[in-house]
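Here the structure is laid out as structure tokens; the discussion comes afterwards.
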Amino acid sequence: MSSHEAEDQWGAAAEAPQEEEKPQDPETDLTISTKILEEMANEKNTEKEWAEKSSYNYGQFIGDASAPANLEIPLYSEAPRFEWKEEYGEVAPRDPTLEKIIFGDDFTVPTIVNGAFQGIGTIEISWYNVNREVWDPPKFNRFEEMGLHPVIMENLQLSHYTVPTPIQRACIPTIVKGFDLIACAQTGSGKTAAFLAPIISKLMGKIKTLAAPRGSRGPGGYGRKAEPLVLIVAPTRELATQIFLECRKFCYRSFMRPCLVYGGADIRPQRTELEKGCDLVVGTPGRLQDFIDRGNISLNRVRYTVIDEADEMLDMGFEPQIRKLLHAGDMNEDENHQIMMFSATFPASVRKLAKEFLADDYVRINVGRIGSVNPNVVQRIIYANFDKKRQAIFDLLASSPAARTLIFVNSKREADSLDDYLWNKGLPTTSIHGDRTQREREDALIAFRTGKCPILIATDVASRGLDVRNVLHVINYDMPKTIEEYTHRIGRTARIGTMGLATTFWNDKDGAHLAESLTKTLIEMNQEVPSFLEPYRPSEEEGLKFDEESSDVEEGDAATGGGEGGETGGDWGSGGGDAGDATAGEAPASGGDNWGSGGGGGGW
């Protein structure tokens with residue numbers, strides 16, 4: 001089962017008794033859901049370990065009921081984008097119809113910065129460079145101070161960016177200055193805009209001179225060869241898709257035409273889009289290399305290369321493909337090639353790649369502790385016996401306020417099985433995993449984005465890159481294998497300054513391997529440590545010691561900046577205390593609230 005016939009079967013679930021609710025304006029969806037989340041985080045029930053089951057209503061997430069049920073939505077690689085016309089000058093006029101599609105439809109992600117949450121604004125930013133005198137990074141706190149092109153500034157506003165996030169404050173001036181860089185930051189921190197805004201801004205006004213003539217022929221005169229100026233590589237289809245959707249925004253009104261290529265889908269439509277002209281290409285390593293080998297893509301003109309989630313790429317065995325792409329990108333004749341890597345961690349494999357391909361004076365940027373959890377995620381750990389988890393997940397969903405929810409499992413079989421179980425219980429679910437076709441995967445994501453199926457069950461194919469508006473609740477039905485995957489999973493909520501909730505089912509059978517690191521993570525973010533994890537709490541003498549392999553400064557490197565957070569009035573978290581009280585720093589006690597007891601044998 002991939003994406004269910006949501007409209008038909010949802011009707012049966014909707015007939016269940018429900019509390020009467022007042023109609024809600026769709027525009028207030030985020031405000032309503034954030035309020036619900038704050039109530040969930042603060043509400044306590046001192047008399048009972050578990051809250052009584054209540055009726056559930058997912059109606060507020062259902063889209064326009066008058067829309068055709070069998071509406072055929074194109075693959076993301078064929079999504080509408082801005083098309084340049086010869087009569088345009090350096091800057092094209094605005095197109096209100098296309099603006100609504102690119103910046104406001106249900107399949108893009110409005111970026112919402114909420115200054116009321118304090119956690120992210122105080123994250124420390126550190127710069128490292130071989131020679132401290134080479135780069136003294138400015139402390140910009142507003143996009144207007146960064147020297148970006150006026151069209152990029154307008155596109156930032158249309159994307160609902162109001163103030164820069166820490167990674168954007170650090171990366172934008174570094175890229176504008178021309179340095180190669182590797183940046184490490186938490187999930188949901190705004191990395192995509194951190195490299196797209198400065199890259200496209202630097203190209204504005206020079207694109208038509210640098211770009212290949214549209215319609216140039218490939219080898220033997222067959223087909224049209226794409227010669228992009230910008231190459232962006234991502235490990236998964238979902239992350240590549242997400243980056244492409246953002247590229248459509250930042251390329252708007254410029255000569256830049258973005259294209260998306262990924263495996264698992266028919267190669268012909270992607271080739272057709274490349275033949276129309278491609279100045280920026282986003283893709284997964286295998287499909288990119290395939291198009292290069294076929295002669296459909298040449299990297300001879302590439303000026304900017306971005307490797308996103310570099311650590312994940314290497315873990316997945318893509319190092320040979322990455323090396324080929326980086327070598328090919330170095331073939332432009334004027335040697336003006338800027339390379340950027342983004343990584344959640346900085347292990348030896350990434351350090352080696354950076355030393356080999358980045359310029360000698362490259363800058364490394366750390367936002368907070370490498371590998372740390374987003375501070376705006378309220379983390380809840382529930383003890384659930386292995387053979388009772390199915391009942392536990394249904395009880396949790398049925399007794400919780402309606403919210404767009406992402407459930408992670410460890411296997412494809414479990415994703416299908418749990419999807420069937422919850423669907424037959426009347427919940428509007430869909431699922432996604434690696435055995436699904438690309439059409440099925442995108443259908444599931446569209447159903448999740450539009451709210452037709454507001455509960456998505458996924459394997460770790462969705463743990464990186466999935467960025468859906470207003471995912472308020474992430475549930476780890478199965479414990480992840482590593483603490484890094486835990487960080488990425490729960491990072492699907494609390495995106496770009498909003499709040500989120502993460503609930504994790506733990507038991508001795510499949511949670512012991514992460515007990516110590518999970519406990520340290522909870523302590524670091526001032527979350528409550530349940531009693532069954534108390535034995536793993538480090539002593540005062542030991543303190544919080546994390547694996548430093550990925551955060552040590554390279555020998556010979558010197559810090560060129562750091563210690564800056566949200567000290568200015570216009571930065572993240574400047575709003576003060578009221579909404580900030582529901583952040584991770586004020587994690588609610590779980591002794592008797594909706595989310596179950598943290599006590600030893602409590603739960604199911």
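What follows draws every value from the coordinates through simple rules; no lab data is involved. These numbers were taken from a predicted model, which means no experiment stands behind them. Cβ coordinates were reconstructed from backbone atoms using ideal geometry, including for glycine residues, and neighbour counts include every protein chain displayed.
Go through LYS425/LYS452; LYS324/LYS520; LYS100/LYS191; LYS352/LYS412 and tell me which ones have a Cα-Cα distance over 28 Å in this structure.
LYS324/LYS520; LYS352/LYS412
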Scalar couplings 3J(HN,Hα) for region 260-268 by Karplus 6.51 cos²θ - 1.76 cosθ + 1.60 (θ = phi - 60°), nearest whole Hz, x for Gly and Pro, are 10, 10, 7, x, x, 10, 4, 6, 5
ILE407's amide H: which non-local residues (gap 5+, or another chain) put their own amide H closer than 5 Å, with H modeled 1.01 Å from N in plane and none for Pro or chain starts?
LEU456, ILE457, ALA458, ILE475
On average, how much area does the Cα convex hull of region 274-406 cover when viewed from any direction, in nm²?
13.3 nm²
Cα-based Rg (one decimal) and Dmax (whole number) for region 395-498, in Å?
12.6, 36
Treat each spin label as a single point 7 Å out from the Cα along the C-beta direction, and report the ASP136 to ASN526 distance in nm.
3.4 nm
With θ taken as phi - 60° and the coefficients 6.51, -1.76 and 1.60, list the Karplus ³J(HN,Hα) couplings across region 432-448 in order, rounded to whole Hz; mark glycine and proline as x.
8, 7, x, 7, 6, 5, 4, 4, 5, 5, 6, 4, 4, 5, 5, 4, 6
Estimated vicinal HN-Hα couplings, Hz - region 297-307 in sequence order (Karplus 6.51, -1.76, 1.60; Gly, Pro = x)
10, 10, 9, 5, 9, 4, 9, 9, 10, 10, 9
Amide H contacts of ARG380 (H built 1.01 Å from N, under 5 Å, at least 5 apart or other chain):
ALA502, THR503, THR504
Spin-label model distance (nm) - SER349 vs GLU542, 7 Å beyond Cα toward Cβ
2.8 nm
